[in-house]
Amino acid sequence: MTEPQQHTSDSRRPDATDSELLPTDITAATTLVGLIGWPITHSISPQMHNAAFAARRMNWRYLAFPVPPERVAEAVAGLPALGLRGVNVTVPHKQAVMSHLDRWTPAAEAIGAVNTIVVDEDRHLSGDNTDAAGFIADLRAHAVDPAGKRALVIGAGGSSRAIVYGLAEAGAHSVTILNRTVAKAVDLAATMQSYFPDICMRSAPFPDDVTASAETADLIVNCTSLGMEPRIEGLPWEEDVEFRDDQIVYDLVYNPAMTRLLQLASTDGATAIGGLGMLVYQGAIAWEAWTGEAAPVDVMQRATNIIFDRA
Ligand code: ATR
């Protein structure tokens, strides 16, 4: 009887064949963009952006760079030095990068965070926050116009800042922010009120105020992590508060595709939208800023659907 083969340190991968040695079009002329964050291993941005480059037959690549907090300044300074055209920025660096940039957009200023850095022709570094515009673009892709809507935003963390800014800039009638830690909702409402004096900003405690706030809301947006894998039982709502069929419920959580919140909304006949489209559009806007070309949004959408097995 033969013994099962031992996997030892001597076992090596088989040598590549000649045709595998020059497998791609990565050359000295390849243009590089990417992502900095810490940690970064779960990001799907590399696949999504590289799918777009492949679709357009562009000799560009998008790589993920894990950058520990103490090396953010060096990493940002290195972007123009190495000839990168730009990077996306994710947690925990979205605020920290700002002091290392030459300029940033009014959106990044008001949100207080940068998720996209562009290395300009003159090698200056410009910051933007494409989360707000990405969210609004996805709403519009679902035929929802935020203008004039009475919005109810659950959560007052980093993503909520971008959503509230996006809604206000797109002309929402009012924005009510509910948060477990109500002081953060109060602070966010006050900050955004200073940028948008004509829009009615309110804040109230979550979940106590869900019942009252739900009554007047046209558009409800979950910006908390409640309901996200692996704790899919989380619900940023009150179980017994029903949705109306003229309400739109948008969940920034995109994994699972059908969160408990969206299930309840959908059962009650409301319009239920998951957050994967916002991820695609915030990426597409960054892609356009780097390349100067219109992004193949459909390809990026397809790539994310394949990754999450929703094809
Ligand atoms: P992000 O960048 O995704 O917005 P964040 O800044 O950490 O993440 O914000 C998380 C948000 O989810 C906060 O509004 C948080 O409420 P608190 O400010 O009270 O912490 C909210 N959140 C997270 N877990 C929650 C829970 N179990 N119940 C209610 N709200 C929760």
For the chain: relative contact order, % (alpha-carbon pairs under 8 angstrom, 6 or more apart): 14
Can you tell me the length gained on complete extension of the stretch residue 28 to residue 198, counting 0.36 nm per residue apart and subtracting the Cα distance? 56.0 nm
Within the chain, percent of DSSP bridges classed antiparallel, to nearest 5: 15
Which of the three applies to segment 194-311, rounded, prolate or oblate, going by the alpha-carbon gyration tensor with a ≥ b ≥ c and a/c under 1.5 meaning rounded? oblate
Of every Cα-Cα pair in segment 262-305, the percentage lying beyond 16 Å is 48
Could you calculate the contour length gain from residue 241 to residue 140, that is, 0.36 nm times the residue separation minus the distance between their Cα atoms, to one decimal place in nm? 33.7 nm
Net charge dipole size for the chain [Lys, Arg +1 and Asp, Glu -1 on Cβ; Debye, nearest 20]: 480
Can you work out the FRET efficiency for the pair residue 59 and residue 180, with r the C-beta to C-beta distance and R0 = 51 Å, to the nearest 0.05? 0.60
Counting other C-beta atoms within 10 Å, and keeping those with at most 14, which DSSP coil trypsin sites (Lys or Arg not before Pro) do you find in segment 70-139? 123
Given H placed 1.01 Å from N in the peptide plane, which residues other than close sequence neighbours of residue 202 have an amide H under 5 Å from its amide H? 175, 176, 177
Any idea how far the Cα center of segment 235-284 sits from the one of segment 14-82, in Å? 33
Checking rank on 43-56, 189-202, 154-167, with mean other Cβ inside 10 Å and highest first, the result is 154-167, 43-56, 189-202
With label points built 7 Å along Cα→Cβ from the Cα atoms of residue 208 and residue 99, find their separation and express it in nm. 3.6
Just to confirm a number: summing +1 for Lys and Arg and -1 for Asp and Glu over residues other than residue 119 whose beta-carbon lies under 13 angstrom from that of residue 119, what do you get? -2
Relative to the longest principal axis of the chain, what angle (0 to 90°, nearest 10) does the C-alpha long axis of helix 130-141 take? 70
Counting other Cβ atoms within 10 Å of each Cβ, which GluC sites (Glu not before Pro) in segment 19-122 have at most 11 and sit in a DSSP loop? 121
Length-normalised contact order of segment 1-154, Cα under 8 Å, at least 6 apart, in percent, tallies to 18
Crossing angle, helix 45-55 versus the chain [Cα axis fit, 0-90 degrees, rounded to tens]: 70
Along the charge dipole of the chain, pointing to its positive end and built from +1/-1 on Cβ of Lys, Arg, Asp and Glu, which listed residue (157, 255, 285) has its Cα farthest out? 285
Translational D (Stokes-Einstein, µm²/s) of the chain at 10 °C and 1.306 mPa s when Rh comes from the Kirkwood sum over C-alpha pairs? 76
So if I place +1 on the C-beta of Lys and Arg and -1 on the C-beta of Asp and Glu, and nothing else carries charge, what would the dipole magnitude of segment 118-175 be about its Cα centre? I want it in debye, nearest 20. 420
Under a Cβ-only charge scheme (Lys and Arg +1, Asp and Glu -1), can you give me the dipole magnitude of segment 132-274 about the Cα centre, in debye to the nearest 20? 480
Farthest toward the dipole's positive end in the chain, which of 199, 234, 212, given Cβ charges of +1 (Lys, Arg) and -1 (Asp, Glu) about the Cα centre? 199
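A short reminder: the numbers here are calculations on the coordinates, not readings from a lab. Predicted model, so just to flag it, every value in this text is computed and none were measured. For neighbour counting, all protein chains shown are included, and Cβ atoms are generated from backbone atoms with ideal geometry for every residue, glycine included.
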